[in-house]
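This report refers to the structure that appears directly beneath it.
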Amino acid sequence: MSDVGYTTRRLSPNAKAALGVFARYGTIIGLVVMVIVFSILSPRAFPTITNFTNVLSQASLAMIIAGGLTMAVIVGELDLSVGYAASLHGVLVTGLIVQNQLPIPVAIVIVLALGALIGVVNGLIVTKLKVNSVIATLGVGTILVGLSFAYSSGVPIVSGVPETFLQLALGRWLFGIPNPIIVMALVLGGLWLLVERTAVGQEIQAVGGNPAAARLAGINVDRIKIFGFVLSGMCAALTGTLLASRLGSGTTNAADAYLLTAFAAVFLGSATLRDGEFHILGTFIGSLIIVLGFNGLNIFGAPTYSQFVFQGAILIVAVGLASLGRSLAES
């Protein structure tokens with residue numbers, strides 16, 4: 001029995017109820033307080049439609065990759081390859097368009113298929129070879145870094161990127177809304193519907209909750225876990241593609257930093273509205289907290305290192321709140 005679980009069992013009912021409210025709604029309360037404080041301190045720059053639109057556009061890629069990671073985490077696994085995979089996909093899609101002269105839709109389909117394939121490889125290593133998902137995906141991710149350098153020789157692919165490709169991330173094709181926001185909304189909305197409103201989604205949640213019971217109920221646990229990795233891989237591929245479009249180049253390590261951001265968003269989301277359960281809506285809210293925090297720090301001219309401190313602290317708090325929520329649910 002964990003120390004947290006033992007401590008919560010000794011609390012009075014009122015104290016448990018108060019902690020339960022804090023564990024479920026503390027992140028939302030923190031988000032509201034942060035927005036109010038930043039708005040008071042910077043009334044002309046922070047609380048504007050333009051700023052919020054720009055923030056959401058910048059955060060869309062992190063939200064997409066975090067949404068995919070959530071699917072792997074829901075089935076009870078971790079995918080540490082997503083950042084490295086997104087970097088590889090950004091290099092590859094740019095190279096296919098610039099060097100191989102492939103049509104943009106064809107290049108994107110190839111990259112998405114590769115993302116799915118990487119997910120299958122991760123899933124097979126975890127389910128069939130019984131390798132811990134942390135070790136398996138970290139190993140695969142390291143291989144992907146090598147492949148990215150082998151493909152590009154470590155040199156960013158910049159020259160010859162067509163304007164049409166750049167407009168994927170920089171354009172506003174629908175009602176003046178930045179394209180990344182639309183793509184993010186479609187991806188997260190689709191994942192939410194899959195998990196919360198379909199039979200497959202119920203199987204996904206069952207596998208993550210209790211694999212042994214799910215297997216006894218006739219669910220193909222290995223297949224569901226592989227499916228979770230496939231969705232994670234495809235979201236990483238989409239993120240890498242949009243990032244290459246935004247940067248106008250394919251760079252070998254461009255998306256590596258998304259790994260920590262995605263994990264922080266996923267775990268922060270698990271401490272939102274539910275008792276330590278991972279879910280898509282929570283991941284969206286967790287991502288929003290992180291990017292608004294970054295935005296506020298930038299507006300106030302905080303040094304760069306403060307963003308790393310903020311993100312690391314958020315991750316620690318998120319895991320703590322998630323653990324507290326699970327302990328209260330079990331007590």
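The values are calculated or read from the model by the stated rules, or taken from the named source; none is laboratory data. Model, not experiment: these values are computed from the prediction. Cβ coordinates were reconstructed from backbone atoms using ideal geometry, including for glycine residues, and neighbour counts include every protein chain displayed. In case anyone asks, the SASA skips ligands and DNA or RNA and just uses the protein heavy atoms, side chains included. Shrake-Rupley method; radii C 1.70, N 1.55, O 1.52, S 1.80 Å.
Structure above, values below:
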read-out: Scope region 120-140; condition within 19 Å of the chain's Cα centre (by Cα), crowded, with 19+ Cβ neighbours inside 10 Å and not hydroxyl-bearing (Ser, Thr, Tyr); matching residues; value: Asn122, Gly123, Ala136, Val140
read-out: Flag for Ile219 being over 30 Å from Pro162 (Cα atoms), surrounded by 15 or more Cβ atoms within 10 Å (Cβ to Cβ) and touching a residue at least 60 places away in the same chain (Cβ under 8 Å); value: no
read-out: Tabulated pairs, region 67-90, first within 20 Å of Leu268 (Cα to Cα), second assigned to a loop (DSSP other than H, G, I, E, B), C-beta under 6 angstrom, 6+ apart or interchain; value: Leu69/Asp79; Thr70/Phe278; Ala72/Asp79; Val73/Phe278; Ile74/Phe278; Gly83/Ala255; Gly83/Asp256
read-out: Leading residue by the ranking (most open to solvent (accessible area, probe 1.4 Å)) among those in region 274-297 that are of a type outside the set (Asp, Glu) and modelled with pLDDT under 85; value: Arg274
read-out: Val266 under 22 Å from Leu114 (Cβ atoms) and aliphatic (A, V, I, L, M); value: no
read-out: Tabulated pairs, region 127-147, first within 18 Å of Ser87 (Cα to Cα), second assigned to a loop (DSSP other than H, G, I, E, B) and of a type in the set (S, T, N, Q), C-beta under 8 angstrom, 6+ apart or interchain; value: Thr137/Ser81; Leu138/Ser81; Val140/Ser81; Gly141/Ser81; Leu144/Ser81; Val145/Thr252; Val145/Asn253
read-out: Residues within region 141-185 that are open to solvent by 30 Å² or more (accessible area, probe 1.4 Å), under 20 Å from Tyr258 (Cα atoms) and not hydroxyl-bearing (Ser, Thr, Tyr), tallied; value: 12
read-out: Those residues of region 190-207 which are within 20 Å of the chain's Cα centre (by Cα) and open to solvent by 30 Å² or more (accessible area, probe 1.4 Å), in sequence order; value: Gly190, Trp192, Leu193, Leu194, Glu196, Gln205
read-out: Any pair with Cβ under 7 angstrom, 6 or more apart, that starts in region 96-112 at a residue that is within 11 Å of Gly250 (Cβ to Cβ) and ends at one that is among the hydroxyl-bearing types (Ser, Thr, Tyr) and open to solvent by less than 50 Å² (accessible area, probe 1.4 Å); value: Val111/Thr241
read-out: Residue list for region 211-269, filter: of a type in the set (S, T, N, Q) and within 30 Å of Gly95 (Cα to Cα); value: Ser232, Thr239, Thr241, Ser245, Ser249, Thr251, Thr252, Asn253, Thr261
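Table: residues versus (1) among the small types (Gly, Ala, Ser); (2) open to solvent by less than 30 Å² (accessible area, probe 1.4 Å).
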site: Thr48; (1), (2): no, no
site: Asn54; (1), (2): no, no
site: Leu61; (1), (2): no, yes
site: Gly76; (1), (2): yes, no
site: Ala86; (1), (2): yes, yes
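So that you can scan it fast, the table gives a plain yes or no per residue for (1) at pLDDT 95 or above; (2) closer than 30 Å to Leu281 by Cβ:
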position: Leu96; (1), (2): yes, no
position: Val106; (1), (2): yes, no
position: Ala113; (1), (2): yes, yes
position: Ser152; (1), (2): no, no
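A quick yes/no check of all residues on (1) hydroxyl-bearing (Ser, Thr, Tyr); (2) within 18 Å of Ala62 (Cβ to Cβ); (3) part of a loop (DSSP other than H, G, I, E, B):
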position: Thr272; (1), (2), (3): yes, yes, yes
position: Phe278; (1), (2), (3): no, yes, yes
position: Ile285; (1), (2), (3): no, yes, no
position: Leu288; (1), (2), (3): no, yes, no
position: Leu292; (1), (2), (3): no, yes, no
position: Asn298; (1), (2), (3): no, yes, no
position: Phe308; (1), (2), (3): no, yes, no
position: Gln311; (1), (2), (3): no, yes, no
